[in-house]
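The structure under discussion appears below in the form of C-alpha cells.
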Amino acid sequence: MRALEKEGLPVAFITTMTMVAKQMGANRVISGHKIPHPCGDPGLPAEADHALRHALVQCALDALRKDVSSPTIFTPSTDCAS
C-alpha cells in the first residue's frame, strides 16, 4: 500500500481491524462491517446486503478523493456520502 502511495496512487483499505491498519500506516482506512465479512453481510436480505456493499465502496471512492497527510479512518455511515 505504501509503495503505491509513494508513486502517487491513492489507496483505500477496507478492514474491520482499523486500529491495526492505522498502526501499519495505511493512509485511508475504511471501517468494514464485521470481521468475517468486512465488505458485506450474507445474513442480510439481498437488497440490504447490496446497499451495505454500495455504501462501503462509495466510502472508499470518496476517501480516495480526499487528501490526507496521516492515517485516517473513514466510517461509511458518518464520513462518506451514501
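Of the residues 51, 21, 63, which exhibits the maximal mean-square fluctuation in a Gaussian network model of the chain defined by a 10 Å Cα contact cut-off? Largest GNM mean-square fluctuation: 51. Within the assembled protein chains, the solvent-accessible surface assigned to residue 29 is about 0 Å², based on a 1.4 Å probe. With springs connecting C-alpha atoms under 10 Å apart, model the chain as a Gaussian network and identify which of 41, 49, 67 has the largest mean-square fluctuation. Most flexible of the set in this elastic network: 67.
Note on the chain: with a GNM built from Cα contacts shorter than 10 Å, the maximum mean-square fluctuation among 64, 52, 44 falls on 44. Bridgeable lysines around residue 66 (alpha carbons under 17 Å apart, same-chain partners fewer than 8 residues away excluded): 6, 22.
Do you know the relative contact order of the chain, to the nearest whole percent, from alpha carbon pairs under 8 angstrom that are 6+ apart? Kindly include the intermediate steps, with their values, before the conclusion.
Values: 128 pairs, mean separation 25.3, N = 82.
The value is 31 percent.
Compute, for segment 13-65, the length of the dipole vector about the Cα centre, with Cβ point charges of +1 (Lys, Arg) and -1 (Asp, Glu) only. Units Debye, rounded to 20. Here segment 13-65 has a charge dipole of around 260 debye. With both labels modelled 7 Å from their Cα along Cα-to-Cβ, the residue 7 to residue 37 distance reads 3.4 nm.
I want to verify the translational diffusion coefficient of the chain in µm²/s; compute it with Stokes-Einstein, Rh as the Kirkwood radius over Cα pairs, at 4 °C and 1.567 mPa s. Intermediate values should be presented prior to the final figure.
On the way: Rh = 12.9 Å.
My calculation gives 100 µm²/s for D.
No disulfide-compatible partner, judged by a Cβ distance under 4.7 Å, exists for the following cysteines of the chain: 39. The residues of the chain have, on average, 65 Å² of accessible surface per residue, using a 1.4 Å probe with all protein chains present. Projecting the Cα atoms of 57, 33, 74 onto the charge dipole of the chain, computed from C-beta unit charges around the Cα centre, puts 74 farthest toward the positive end.
When the accessible area of the chain is split by element with a 1.4 Å probe, what percent falls to carbon and sulfur? Present the calculation step by step, with values, prior to reporting the outcome.
On the way: 3080 of 5300 Å².
Ligands and nucleic acids excluded, carbon and sulfur reach 58 percent.
The values are calculated or read from the model by the stated rules, or taken from the named source; none is laboratory data. Model, not experiment: these values are computed from the prediction. Neighbour counts run over all protein chains shown; Cβ positions are idealised from the backbone, glycine included. Ligands, DNA and RNA are stripped out before the accessible areas are found, and what is left, the full protein with its side chains, is counted by its heavy atoms. Shrake-Rupley method; radii C 1.70, N 1.55, O 1.52, S 1.80 Å.
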